[in-house]
1. Considering Cα pairs under 8 angstrom that are at least six residues apart, work out the relative contact order of region 85-222 and quote it in whole percent.
2. What's the extension gain from Asp17 to Lys139 if we count 0.36 nm per residue and subtract their Cα-Cα distance?
3. What is the packing order of peptides 79-90, 128-139, taking the mean over residues of other C-beta atoms within 10 Å and listing the highest first?
4. Going highest first, how would you order 59-67, 43-51 by mean Cβ packing within 10 Å?
5. Hey, in the GNM for the chain with a 10 angstrom Cα cutoff, which one of Ala147, Ala231, Ala155 fluctuates hardest?
6. Which of the helices in the chain meet the span-like rule: DSSP H, Cα axial reach of 15 Å or more, Kyte-Doolittle mean at least -1.0?
7. Treating only the Cβ of Lys, Arg, Asp and Glu as charged (+1, +1, -1, -1), what charge dipole size does region 6-239 show about its Cα centre? Round to the nearest 20 debye.
8. Rounded to the nearest Å, what's the spacing between the alpha carbon centres of region 85-163 and region 1-77? Just the number, please.
Amino acid sequence: MSHHIVQADNLHYTYPDGTIGLDNINFKIHHGESVALVGSNGAGKSTLLLHLIGCLIPTKGDIRIGDYPLNKKNLKAVRRSTGMVFQDPDDQLFMPTVFDDVAFGLINLGVPESEIENQVIKALEIVGVPHLAKRSPHKLSGGEKRAVAIATVIATMPDILIMDEPSSNLDPASRRRLINLLKTFTHTKIIATHDLDMALEICERTIVLNKGDIIADGNTKELFHNEKLLAMSGLEKPLTMQGLR
């Protein structure tokens, strides 16, 4: 796949009730970039992420993931190279044990049974929770669930890691572990978040969405210094830039 790019050209999406979710947006994300998607609730962040994994189909416009235009014919190929961690881990964890949840995607990709156990344990070790393999995911803490949800995705070794509000509902220690973990990933990362301090640490580039439109795309630190832009987007400066941390 050529450089694992993620590209949107004149991407537009209208919900069945007539609400505009995305309004002819354009961007190109290159291999290895870490990009934050920020904006107020309803700005279009989750709608865009769902397009990138083929859960929503554009009303018009195109999405390209590497060599593949995203369409029904190429959906399986695209999903092999992308992995999404949803905002609520309970949407992702549904098997009797943590091991089974992490193995689920590997089984669906046709990974040989002889290789599955090693890949599951490796993924759990990467996120620091191999001791949870036999536990029920529904009896874990919020931070543990988030770690396991990430493991279910990275076990399949995606080239592009997509995350929707990964730090939401995490205590400070779990949030710090998540940030440190994400810093080690060499994947292309696309992270929708309200946590601008996390975005500042992880993502050199930020795309600002407002009412389904991209109103800014550039260096994260420079954009977060623009108080007028942040106010227009329903955001505030990260605490670290306010001198509060």
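1. 23 percent
2. 40.1 nm
3. Taking the mean over residues of other Cβ atoms within 10 Å, the ranking is 79-90, 128-139.
4. Per-residue Cβ counts within 10 Å, averaged per peptide and sorted highest first, yield 43-51, 59-67.
5. Ala231
6. Qualifying helices, which must be both long enough and hydrophobic enough, are 98-108, 113-126, 142-154, 172-184.
7. In total the dipole reaches around 180 debye.
8. When both Cα centres are located, 25 Å separates them.
Where a number appears in this text, it was derived from the coordinates with a stated rule and is not lab data. The structure displayed is predicted, hence computed values, not measured ones. A quick note on method: Cβ atoms are made from the backbone with ideal geometry, for glycine too, and the neighbour counts reach across all protein chains shown.
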